[in-house]
Amino acid sequence: MFNLFKKKEENNNIRKYNPHEMCITCSHILEDDKPILYIKREETDGGYKFLCRSHNQDDSEIRLIEIEEIIKKDKEIERILPLKLGTELTRQYIRGKGLELKKFIKDGINNIIQEDIKDNKVLMTQLYNNGEIVYYNGRNGTWFDWDVNDKTSWFTVCFNDKKRMGYISVAVSKDGNVMGYKWGNYGKDQAESISLGKLSIEDTEYLVRLLLQQTDDKNLFNIKIDDINWEAPIFLEPLEGREEQ
């Protein structure tokens with residue numbers, strides 16, 4: 001089965017993805033702009049289904065269109081095609097969830113910055129791009145950090161100097177704690193432990209899936225927090241274990 005977080009298997013498709021191939025979808029996606037939450041490639045004929053839900057679709061709601069039209073509706077789909085024969089994928093979309101998680105992290109970091117400015121510990125001009133927050137997944141990648149280090153990669157604000165030393169770095173651990181470190185004096189002072197609070201396990205797993213799919217899987221590394229697509233539906237893939245080729 002196709003897996004966004006694990007090593008990909010050998011692809012045994014009998015035919016490759018054709019943008020002009022006809023596929024099954026539903027009126028809710030085409031006419032009501034509902035998100036695509038269920039994707040299947042049939043075992044027998046290799047045909048695709050893209051639906052807003054997996055069950056209880058009335059015949060009157062079914063539509064036949066080219067896959068190219070599905071991709072125009074949701075560009076994320078092209079990234080996963082072609083699927084292995086018999087594959088079923090489900091996605092989850094909770095309106096505003098990603099934006100809420102972004103706000104939690106961003107507000108927490110910015111509150112620390114404002115407190116330090118108030119206490120004359122730092123100046124905004126000392127911070128790179130006025131306190132820009134970057135998700136630094138470029139060293140090992142989100143999956144490595146999650147699988148091996150039990151956390152996401154770091155959300156970091158750097159000092160505005162040639163070395164770009166870290167000023168604040170926080171990550172979300174598997175238990176939901178959002179913790180990290182703060183350094184003063186252009187990164188020369190001893191690290192001080194900081195905490196932004198705690199997320200629920202449900203929110204934590206939603207967050208790491210979103211980060212995996214919207215950064216690493218798109219080959220986007222060391223990306224500004226504001227440039228991540230926080231509103232994208234996520235694929236509900238397992239977060240534990242690995243598959244070897």
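The values are calculated or read from the model by the stated rules, or taken from the named source; none is laboratory data. None of these values were measured; they are calculated from a predicted model. Neighbour counts run over all protein chains shown; Cβ positions are idealised from the backbone, glycine included. For the accessible areas, the whole protein counts, side chains as well, though only heavy atoms, and no ligand, DNA or RNA atoms are used. Shrake-Rupley method; radii C 1.70, N 1.55, O 1.52, S 1.80 Å.
Structural remarks
- Contour excess over end-to-end distance, with Cα ends at LYS188 and GLU42 and 0.36 nm allotted per residue: 46.7 nm
- Relative to the current alpha-carbon distance between ASP175 and ASP107, full extension at 0.36 nm per residue lengthens the span by 22.4 nm.
- Pairwise FRET efficiency - LYS16 versus LYS198, Cβ, R0 = 45 Å, nearest 0.05: 0.50
- Given charges at Cβ of Lys, Arg, Asp, Glu: the chain dipole, positive-most of ASN18, LEU236, LEU207: LEU207
- For segment 194-238, there are no residues whose amide N sits under 12 Å from a probe point set 7 Å from the Cα of ASP32 along the beta carbon direction.
- Using the Cβ-Cβ distance between ASN140 and ASN219 with R0 set to 25 Å, the FRET efficiency works out to roughly 0.95.
- A probe of 1.4 angstrom, applied to the heavy atoms of all protein chains, finds TYR136 with accessible area near 80 square angstrom.
- Pair GLU66, ASN229: separation of 7 Å Cα→Cβ label points (nm): 2.1 nm
- Solvent-accessible surface of the chain, taken per residue with a 1.4 Å probe and all protein chains present: 53 Å².
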